[in-house]
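S.K.: Starting off with a structure, shown below.
The values are calculated or read from the model by the stated rules, or taken from the named source; none is laboratory data. This one's a predicted model, so the numbers in the text were calculated from it and none came from an experiment. We place every Cβ from the backbone using ideal geometry, glycine too, and count neighbours over all the protein chains shown. Protein only, heavy atoms only, side chains kept; ligands, DNA and RNA dropped before computing areas. Shrake-Rupley method; radii C 1.70, N 1.55, O 1.52, S 1.80 Å.
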Amino acid sequence: APMGVLLTTDGSRLTFTTIAMNDTTVTFDSPTFGAGLELPRDKIVAIELTPSKLVHLSDLTPSEATVEGLLLDAIDYRTDRSLDGGPITLDRVAYDKGLALHSRTVLTWDLGGEYEAFVAVVGIDDAVRPGGSATLEVLCDGDVIQTLNLTGQDDAQMVRCNLTDVETFTIRVDYGLDVLESGDHVDLAMARLIRSP
């Protein structure tokens, strides 16, 4: 069954049944064009997943949420809005779905092994750039599987993690290399879980 559609810079809509990506390349199988196709990441405008396979993280309530301030009062996380109340915006692109977190926030969801992947566009919100420095960690069943050092100087980046058989999924945003909390507005735009087949 089709998993979704790739939208490309030339306006093409390519249906895919599997997809994988790294920093430079998107690899996918297409029912129309065959298996093992590759496109440069910068040629992909958007990835639309078939709704039944897709759950937005902002639509799920975390089983645990810890929000702490260092010197300032703790700033609670927000769903589908940036921390300053506007749209989530990364690299001048506004997103209608996602999570906005501030240092130091830890959110955990019970997944029950029902999902195969997590995908999001991650970065410091445009509203505070070029400021902001934070660390984002993704944990599966308590183990850190990905760590990103984010600053307001960096472009947003696509994150994808394998969630096969994962029971608990945690996102931890902590103070970055500057060990300060000012401007640590971390966005996980279009943060979504893909159900296992």
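S.K.: Taking +1 at the Cβ of each Lys and Arg and -1 at the Cβ of each Asp and Glu, which of Thr32, Gly69, Thr79 sits farthest along the dipole of the chain towards its positive end, judged by Cα position relative to the Cα centre?
M.R.: Thr32
S.K.: In percent, how large is the relative contact order of the chain, given Cα pairs closer than 8 Å and 6 or more residues apart?
M.R.: It comes to 22 percent, rounded to a whole number.
S.K.: Under unit Cβ charges (Lys, Arg +1; Asp, Glu -1), what dipole magnitude, rounded to 20 debye, does the chain have relative to its Cα centre?
M.R.: Dipole size: approximately 640 debye.
S.K.: Still on this structure, please answer the following. Relative contact order for segment 2-53 using alpha-carbon pairs under 8 Å, separation at least 6, rounded to a whole percent?
M.R.: Details: 100 pairs, mean separation 20.4, N = 52.
Computed value for segment 2-53: 39 percent relative contact order.
S.K.: Follow-up question, since we're still on this one. Could you pull out every residue, at least 5 positions away or on a different chain, whose amide H is within less than 5 Å of the one on Thr25? Hs are placed 1.01 Å off N in the peptide plane, and Pro or chain starts have none.
M.R.: Here the answer is Arg41, since their amide H atoms fall under 5 Å of that of Thr25.
S.K.: May I ask you to evaluate 6.51 cos²θ - 1.76 cosθ + 1.60, the Karplus curve with θ = phi - 60°, for each residue of segment 88-95 and list the ³J(HN,Hα) values in order in whole Hz, giving x for glycine and proline?
M.R.: Rounded to whole hertz, the list is 5, 9, 10, 6, 6, 10, 8, 10.
S.K.: At 1.4 Å probe size, with the rest of the protein present, what percent of the exposed accessible area of segment 82-132 is carbon and sulfur atoms?
M.R.: 48
S.K.: May I ask for log10 I(q)/I(0) of segment 89-197 at q = 0.10 Å⁻¹, from a Debye sum over the Cα atoms as equal point scatterers with solvent left out?
M.R.: Taking Cα atoms of segment 89-197 as identical point scatterers yields -0.27.
S.K.: Another one. If I compute Rg and Dmax of the Cα atoms in Å from the structure I just sent, which labelled value in (1) 16.7, 56; (2) 15.3, 43; (3) 16.0, 47 lines up?
M.R.: (1)
S.K.: Amide H neighbours of Gly176 under 5 Å, counting only residues 5+ apart in sequence or on other chains, H built in-plane at 1.01 Å?
M.R.: Counting only residues 5 or more places away or on other chains, the set is Ser133, Ala134, Thr135.
S.K.: Along the charge dipole of the chain, which of Ala46, Tyr115, Ile88 sits closest to the positive end, that is, farthest toward it, with unit charges on the beta carbon of Lys, Arg, Asp and Glu (+1, +1, -1, -1)?
M.R.: Ala46
S.K.: Can you work out the accessible area per residue across the chain, with the rest of the protein chains kept in place, probe 1.4 Å, in square angstrom?
M.R.: That works out to 48 Å² per residue.
S.K.: Through the Karplus equation 6.51 cos²θ - 1.76 cosθ + 1.60, θ set to phi - 60°, convert the phi angles of segment 113-124 into ³J(HN,Hα) values in whole Hz; use x for Gly and Pro.
M.R.: With coefficients 6.51, -1.76 and 1.60, one gets x, 8, 10, 10, 7, 10, 9, 7, 9, 10, x, 7 Hz.
S.K.: Another question about this same structure. So what are segment 27-138's ellipsoid semi-axes, whole angstrom, largest first, if each one is the square root of 5 times an eigenvalue of the alpha-carbon gyration tensor?
M.R.: 30, 19, 12
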